[in-house]
Ligand SMILES: Cc1cc2nc3c(=O)[nH]c(=O)nc-3n(C[C@H](O)[C@H](O)[C@H](O)COP(=O)(O)OP(=O)(O)OC[C@H]3O[C@@H](n4cnc5c(N)ncnc54)[C@H](O)[C@@H]3O)c2cc1C
């Protein structure tokens, strides 16, 4: 699992080859913390097919807003430097994320 | 029997966690099933100033962590899973992953989720400026301008919290100028807060933005006039809806979906209890949810003891059992009890008498349709085979029935 932040987001997410899945979370977001174990499990399971990153928005507010994330949790999917899909706070469930991964790989 | 839990609790908010603590402390095998992280709605608010004993306030997540630790310290088990349906008669809960668990009792504490407004833009801009959780998302709005819709306790309290981050908070209120539903203390603080503005007699008709919230369309409900207001975020606090779909048809709900209980928190289904925000109740707070949980757990414990006692002494008894429904508060009961005792004692070990105080155990009386005391029900092999009402209890009648069974 890559920890991404404002200094490496470009390189690790936008310029990375293949599918990149980014978990936008924050330490005060209970729902994000609850989701984290599921995301980590998915990262292990599909780690060879996509790159999994997490982004702590608390220290990277501007970066998050630039990615049009203003509420948590959000799981965003990138390919070729573009955001190609996104699951918002009401759609972020383990099943939902897994279904989206399977659709995109 | 060992895989049957004494109490299965659905939901790990303050109601469920309190029930788990009480249950486990009474040495009952207690399982709490929570689909997310324990804490419920209470963990989604930072400002927690009205839980007794915390005069300077605590935070929602901290208080809920303490609730959870307290419950597990007495041995309650907390499991992460989502309950999708229940069988109230068999006391079985069915989970999303296909697993199922059986208990002697069930306590439902599934709480509630924020009500959505249902206007254009709300769904599409969720996580893009539309939020129902200030604690989760406040950071993003540092130095920005935001709108809050609603005027109850949650709306006003969260607005206050949001002013610690935002440049300005505009509260859109449906009532006349100066009228808020929130508690007076919260109102006073909001009126004094220089970062808070109000727009009265209005609601939000549409949320606008291209990928991110840019503004709202407000409608004045008196004049029907619409105006646009630029904003970076919209927080919606217009009440909650109970998460009770999964128990529909198993326990009685009111027309809005809240679970109906009696004062012991028992639902329409025997041995199934409910606590907290999902219940029909006057006040929905952490302290009341916790109180409900305590009542439900103690009532569940009593239910288990009564049911076990009745099953062992009456239903699983091979001899005929005369169950005398009585209560010492009715003189006639006290008068007739010796008559019953003597008549049954004449059968030595061939028959048995079991006295049931209806004041203490109304449930069994209700189940067998006993409305008058004294009444004697004759059980054999777990079934009622005969009964004698108040005026029919005589030594001869008792003898007649017992002879016919034996
Ligand atoms: C923003 C906000 C601020 C608040 N501020 C205060 C305050 O300052 N003081 C105060 O006293 N109260 C406050 N409240 C109210 C308080 O949070 C609630 O009254 C309380 O949390 C209700 O507790 P509960 O146990 O009934 O339900 P909840 O707290 O709603 O917990 C229910 C739990 O059950 C789980 N669940 C639901 N269905 C299932 C299922 N099928 N399977 C498994 N798990 C399930 C949910 O995930 C949830 O964790 C606030 C509420 C909000 C929303």
### Query
In the range B:83-130, which residues are crowded, with 16+ Cβ neighbours inside 10 Å, in contact with a strand residue (DSSP E or B) (Cβ under 8 Å, 6 or more places away or on another chain) and within 14 Å of chain A (Cβ to nearest Cβ)?
B:95, B:111, B:114, B:117, B:121, B:122, B:125, B:127, B:128, B:129, B:130
### Message
Quick check on the range B:270-296: of everything there that is over 9 Å from the mean Cα position of the chain (by Cα) and within 6 Å of the ligand (Cβ to nearest atom), which residue is nearest to the other protein chains (Cβ to nearest Cβ)?
### Response
B:286
#### Entry: Residue match in the range B:345-355 (condition: more than 39 Å from the chain's Cα centre (by Cα), within 15 Å of residue B:392 (Cα to Cα) and loosely packed, with under 14 Cβ neighbours inside 10 Å)
no
### Task
Output the residues belonging to the range B:62-82 that are touching a residue at least 40 places away in the same chain (Cβ under 8 Å) and within 14 Å of chain A (Cβ to nearest Cβ).
B:63, B:64, B:67, B:68, B:78, B:79, B:80, B:81, B:82
### Query
Do you know which residues across the range A:41-67 are outside any strand (DSSP E or B) and more than 14 Å from every other protein chain (Cβ to nearest Cβ)?
A:42, A:43, A:44, A:45, A:46, A:47, A:48, A:49, A:50
### Yes/no for residue B:260 being assigned by TED's automatic domain parsing to the domain that holds residue B:23 and within 30 Å of residue B:322 (Cβ to Cβ)
no
### Query
How about the range B:239-267: which of its residues are more than 12 Å from the ligand (Cβ to nearest atom), surrounded by 18 or more Cβ atoms within 10 Å (Cβ to Cβ) and within 16 Å of residue B:84 (Cα to Cα)?
B:250, B:251
### Task
Test each condition in (1) within 25 Å of the chain's Cα centre (by Cα); (2) in contact (Cβ under 8 Å) with a residue 12 or more places away in the chain for residue B:122 and report the one that comes out false.
(1)
### Query
For the range A:1-34, what are the residues that are within 14 Å of chain B (Cβ to nearest Cβ) and either free of Cβ contacts under 8 Å to residues at least 60 places away in the same chain or farther than 30 Å from residue B:63 by Cα (or both)?
A:22, A:23, A:24, A:25, A:26, A:27, A:28, A:29, A:30, A:32, A:33, A:34
### Query
When only residues in the range A:88-103 that are free of Cβ contacts under 8 Å to residues at least 12 places away in the same chain and in contact with a strand residue (DSSP E or B) (Cβ under 7 Å, 6 or more places away or on another chain) count, which is farthest from the other protein chains (Cβ to nearest Cβ)?
A:96
### Summary
If we keep only residues of the range B:1-16 that are assigned to a helix (DSSP H, G or I) and either more than 14 Å from chain A (Cβ to nearest Cβ) or on the phi > 0 side of the Ramachandran plot (or both), then the residue nearest to the ligand (Cβ to nearest atom) is B:15
### Query
Given the residues B:269, B:365, B:299, B:311, which is the only one that is closer than 19 Å to residue B:109 by Cα, out of contact with any helix residue (DSSP H, G or I) (no Cβ under 7 Å at 6 or more places or on another chain) and in a helix (DSSP H, G or I)?
B:299
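Condition check ((1) assigned to a strand (DSSP E or B); (2) modelled with pLDDT of 95 or more; (3) within 14 Å of the ligand (Cβ to nearest atom)) across all residues:
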| position | (1), (2), (3) |
| --- | --- |
| B:137 | no, no, yes |
| B:148 | yes, yes, yes |
| B:171 | yes, yes, no |
| B:176 | no, yes, no |
| B:179 | no, yes, no |
| B:216 | yes, yes, no |
### Complete set of residues in the range A:68-86 that are more than 9 Å from every other protein chain (Cβ to nearest Cβ) and either in contact with a strand residue (DSSP E or B) (Cβ under 8 Å, 6 or more places away or on another chain) or closer than 20 Å to residue B:131 by Cβ (or both)
A:75, A:76, A:77, A:78, A:79, A:83, A:84, A:85
### Task
Test residue B:139 against the criterion of being surrounded by fewer than 22 Cβ atoms within 10 Å (Cβ to Cβ), more than 14 Å from chain A (Cβ to nearest Cβ), farther than 23 Å from residue B:287 by Cα and more than 23 Å from the chain's Cα centre (by Cα), and give yes or no.
no
### Task
Determine, yes or no, whether residue B:44 is more than 6 Å from the ligand (Cβ to nearest atom), surrounded by 22 or more Cβ atoms within 10 Å (Cβ to Cβ) and in contact (Cβ under 8 Å) with a residue 40 or more places away in the chain.
no
### Query
Does residue B:28 satisfy the criteria of being away from chain A (no Cβ under 13 Å), in a loop (DSSP other than H, G, I, E, B) and buried (at least 19 other Cβ atoms within 10 Å of the Cβ)?
yes
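The values are calculated or read from the model by the stated rules, or taken from the named source; none is laboratory data. Predicted model, so just to flag it, every value in this text is computed and none were measured. A quick note on method: Cβ atoms are made from the backbone with ideal geometry, for glycine too, and the neighbour counts reach across all protein chains shown.
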